[in-house]
Amino acid sequence: MSLSDHNIQFLRGVGPRYANLLSAEAEVSTYEDLLQLYPYKYVDRSHIYAVRDLRTDMPYVQLCGRFVSFNLVSSGYKQRMVGLFTDGTGTVEIVWFKGIKYIRDTVNTTDEYMLFGKPNAYGGRINIAHPELEKTNSAQLVAGSIQAFYNTSEVMKKAGLNSRTISKIIHSLFAEIGPNGIVETLPAYFIQRYNLMYRTDALRTIHFPSDTPTLQRARFRLKFEELFYVQLNILRNKNINHTKSAGVVFSNVGPLLNRFYSNYLPFEPTNAQKRVVHEIRDDMRTGRQMNRLVQGDVGSGKTLVALMAMLIACDNGFQACLMAPTEILATQHFEGLKAMLKDLPVRVELLIGSTKKRLREGILAGLADGSVNILIGTHALIEDTVVFARLGLAVIDEQHRFGVEQRARLWRKAAVPPHILVMTATPIPRTLAMTIYGDLDVSVIDELPPGRKPVTTLHYFHNYRNSLNRFIREQLQLGRQAYIVYPLIEESERLDFKNLTEGFEYMKDAFPEYKVCMVHGRMKPDEKDAAMRDFVSGQTNIMVATTVIEVGVNVPNASVMVIESAERFGLSQLHQLRGRVGRGAEQSYCILMTDVKLADESRKRMQIMTETNDGFEIAEADLRLRGPGSIDGTQQSGLPFSLHIADLAKDAQIVQYTREIAQELLKADSLLQAPENGIFVRRLAELSKKKADWSMIS
Ligand code: ADP
Ligand code: MG
């Protein structure tokens with residue numbers, strides 16, 4: 001029987017009540033779960049401080065001494081117990097607000113205690129509230145000097161299931177299973193080659209560390225194991241898919257791409273663009289279906305990369321399509337690409353919801369007989385009525401707006417599934433992307449075209465409204481345009497909507513000499529498009545909008561982006577919004593408006609925005625602040641297994657390391673069929689039984 005078949009209920013010190021609590025509150029029900037209930041922090045208890053040396057800026061301290069007296073102090077309904085504690089060097093007040101009776105019954109003035117707690121400032125003196133106490137003559141439970149701390153919920157604490165109790169329970173688990181109770185999950189040669197601790201030692205150490213270096217090694221071993229198996233699973237599945245999914249072979253780089261490249265390029269591609277086009281080309285000639293994600297910050301020039309990939313498809317006698325999330329964006333792509341292609345013999349068409357019937361019929365006929373080479377559109381182009389003669393490449397712009405299902409429908413548009421290129425500007429750290437977009441290869445455009453002026457970002461409080469308006473007016477007088485964006489989230493939609501319309505009225509009053517328009521998601525598509533078009537063409541000067549403008553819109557003349565109630569937006573959304581300006585040659589500005597009163601986390605977000613324009617840096621910060629589960633688009637793909645100790649943000653290096661190791665292993669045995677690799681297959685099967693739960697990832 002494996003440890004995951006043993007129920008903790010029968011473990012010494014547990015019983016049905018704790019078992020239920022552990023299961024409900026910490027998702028721990030088996031021995032295996034309990035072993036993986038890792039401490040969230042450690043405290044070094046080897047050092048004993050002198051009372052004389054206490055300062056309030058110290059974290060936890062350990063004292064050794066005796067109580068001199070106890071006093072019940074009451075002021076009104078607030079009662080507290082104050083004990084005077086001394087170690088011969090000085091005296092410090094120890095305070096209890098709760099559990100006073102228990103303290104009175106169990107703590108005395110005769111025994112010597114080890115006291116452990118945090119010094120606080122109180123009324124000009126130092127005190128310590130609710131410390132941990134242990135009689136020095138009682139046997140030390142925890143061997144070694146570093147003590148592990150476990151997260152416990154309020155409910156657990158109330159029932160006496162605190163960090164200390166958990167430590168005791170884990171102690172009895174180790175006693176119960178004996179020295180050989182923990183099965184190794186990595187082969188011996190792995191452990192040697194990568195200089196890892198054995199699993200059994202690592203698990204003992206993580207709960208009962210003897211010293212810091214050993215603890216570090218234990219943590220590394222356990223993180224390594226978790227991340228290695230995640231990568232192994234992803235990469236093996238990819239290999240399995242590869243054996244199934246043959247792809248069309250694009251062997252030529254032909255006249256279209258060559259002519260475009262030597263004669264029509266509107267600008268010199270950046271090195272990053274060139275590299276990514278190469279990666280795509282290499283993919284498309286392998287005979288396997290390409291599934292590639294191109295990540296590039298807003299404005300990094302993904303469209304050009306998509307166009308070159310589509311030209312390769314055309315050069316090989318195939319059709320290509322480009323799907324964008326909104327009609328405005330699809331239309332912009334259509335016009336932009338047509339302009340770039342000039343007189344090249346490529347027929348490009350646009351298919352969106354509002355395409356008129358006659359036009360639509362012509363396009364559909366052209367798709368079916370192969371005369372349309374490139375189709376641009378919204379999700380209108382995945383409808384069943386849209387039939388391609390030879391679809392070879394499908395590009396999806398702004399992937400996070402589309403679900404996996406929509407991607408799958410594109411697959412089915414051709415007998416041999418087309419190559420798939422998805423493009424996103426939602427920056428996700430590379431290590432996270434390679435993990436959650438497991439089935440996709442990832443390319444990164446990590447360079448902006450030269451000459452871009454970084455957007456200047458400022459954080460303003462609401463009471464600066466007048467100077468803000470002066471500033472907007474200056475920009476408008478220079479002939480520029482401005483966006484004013486309001487949050488609109490479903491939960492408080494009515495209130496948000498009121499803010500938006502009030503903001504619109506306010507701007508009209510404040511700028512009577514300019515044209516102000518309003519755009520939001522509740523408008524009819526054609527009204528919305530008309531308003532957008534007027535702004536794009538410069539007929540309106542100020543656009544008051546919700547986040548409908550977040551994705552892809554390109555108005556190079558807009559130089560001001562004001563984000564109202566900026567604290568209500570996440571970092572990646574703020575960054576996306578900011579990406580709407582700074583697209584022309586002029587200096588642009590993003591102004592984050594908030595209340596003076598701000599939560600710490602919001603303040604931090606505003607600060608990050610004002611400090612950096614780098615989408616990846618922002619994504620890393622976002623990941624640290626919020627955890628990976630909350631990043632756009634991650635929920636739908638998810639991780640194969642839960643992570644208990646590794647952190648995709650903080651352990652990016654180990655992600656990369658284990659990925660390379662997994663790659664090397666699979667190079668020799670791509671599906672893990674060799675008998676000596678059975679250990680990996682068994683472990684993967686065991687892990688797959690438990691599906692990942694994002695909420696558990698810190
Ligand atoms: P995004 O990656 O956000 O989709 P776009 O493809 O819309 O970016 O490109 C943003 C702007 O940069 C466009 O106006 C485009 O013409 C321009 N651009 C793209 N690549 C280059 C380059 N290599 N040099 C100069 N300008 C470029
Ligand atoms: Mg784009």
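Couple of notes before you dig in:
- Considering residues of region 449-483 that are hydrophobic (A, V, I, L, M, F, W, C) and part of a strand (DSSP E or B) only, the residue nearest to the chain's Cα centre (by Cα): Leu458
- Index of the failed condition, Thr89 passing every other in (1) under 30 Å from Ser210 (Cβ atoms); (2) in contact with a Leu (Cβ under 9 Å, 6 or more places away or on another chain); (3) outside any helix (DSSP H, G or I); (4) modelled with pLDDT of 90 or more: (2)
- Pairs with Cβ under 6 Å, 6+ apart, first in region 340-355 and assigned by TED's automatic domain parsing to the domain that holds Phe388 and within 21 Å of Glu383 (Cα to Cα), second part of a loop (DSSP other than H, G, I, E, B) and among the acidic types (Asp, Glu): none
- First in region 296-309 and within 8 Å of Gln273 (Cα to Cα) and at pLDDT below 95, second anywhere and of a type in the set (Lys, Arg) and within 10 Å of ligand 2 (Cβ to nearest atom), Cβ under 6 Å, 6 or more apart: none
- Enumeration of residues in region 589-610 that are buried (at least 20 other Cβ atoms within 10 Å of the Cβ) and out of contact with any Asp or Glu (no Cβ under 9 Å at 6 or more places or on another chain): Tyr589, Cys590, Ile591, Met609
- Of the candidates Tyr194, Tyr189, the single residue that is among the aromatic types (Phe, Trp, Tyr), under 14 Å from Phe224 (Cα atoms) and either surrounded by 15 or more Cβ atoms within 10 Å (Cβ to Cβ) or without any contact (Cβ under 8 Å) to a residue 24 or more places away in the chain (or both) is Tyr194.
- Restricting Val581, Val553 to those that are within 16 Å of ligand 2 (Cβ to nearest atom), in a loop (DSSP other than H, G, I, E, B) and surrounded by fewer than 23 Cβ atoms within 10 Å (Cβ to Cβ) reduces the list to Val553.
- Matching helices (runs of 4 or more DSSP H) fully within region 339-439 where at least 1 residues are closer than 21 Å to Met290 by Cα and modelled with pLDDT under 85: 404-411, 430-436
- Note on region 289-326: among residues that are of a type in the set (S, T, N, Q) and within 19 Å of Ser371 (Cα to Cα), the one that is farthest from ligand 1 (Cβ to nearest atom) is Asn316.
- Of all residues in region 645-698, those that are part of a helix (DSSP H, G or I), closer than 27 Å to Tyr150 by Cα and at pLDDT 90 or above total 2.
- Checking Val560 against (1) buried (at least 20 other Cβ atoms within 10 Å of the Cβ); (2) in a loop (DSSP other than H, G, I, E, B), the condition it does not meet: (2)
- Some residue of region 55-72 being surrounded by 12 or more Cβ atoms within 10 Å (Cβ to Cβ), modelled with pLDDT under 95, not hydrophobic (A, V, I, L, M, F, W, C) and not in a strand (DSSP E or B): yes
- Residue within region 300-320 that is within 13 Å of ligand 2 (Cβ to nearest atom) and in contact with a His (Cβ under 8 Å, 6 or more places away or on another chain) present: yes
- Of the residues examined, Gly299 is one that is out of contact with any helix residue (DSSP H, G or I) (no Cβ under 7 Å at 6 or more places or on another chain), in a loop (DSSP other than H, G, I, E, B) and closer than 27 Å to Ala531 by Cα.
- Screening Ser588 with (1) within 24 Å of the chain's Cα centre (by Cα); (2) within 16 Å of ligand 1 (Cβ to nearest atom); (3) of a type in the set (S, T, N, Q) gives one miss only, at (1).
- Pairs, first more than 10 Å from Asp315 (Cα to Cα) in region 255-269, second assigned to a loop (DSSP other than H, G, I, E, B), C-beta under 8 Å, six or more apart: Arg259/Leu344; Phe260/Leu344; Tyr264/Lys342; Tyr264/Leu344; Phe267/Pro449; Pro269/Gly301
- One residue alone among Ile563, Ile542 is within 26 Å of the chain's Cα centre (by Cα) and among the β-branched types (Val, Ile, Thr), and that residue is Ile563.
- For region 1-54, filtering for residues that are modelled with pLDDT of 90 or more, in a strand (DSSP E or B) and under 30 Å from the mean Cα position of the chain (by Cα) leaves 1.
- Residues (in a strand (DSSP E or B) and either free of Cβ contacts under 8 Å to residues at least 40 places away in the same chain or not assigned by TED's automatic domain parsing to the domain that holds Leu63 (or both)) located in region 102-126: Tyr122, Arg125
- Failed item, numbered, when Glu447 is tested on (1) surrounded by 15 or more Cβ atoms within 10 Å (Cβ to Cβ); (2) more than 16 Å from ligand 2 (Cβ to nearest atom): (2)
The values are calculated or read from the model by the stated rules, or taken from the named source; none is laboratory data. What you are looking at is a predicted structure, and each value in this text was computed from that prediction instead of being measured. In this analysis, Cβ positions are derived from the backbone assuming ideal geometry, glycine residues included, and neighbour counts consider all displayed protein chains.
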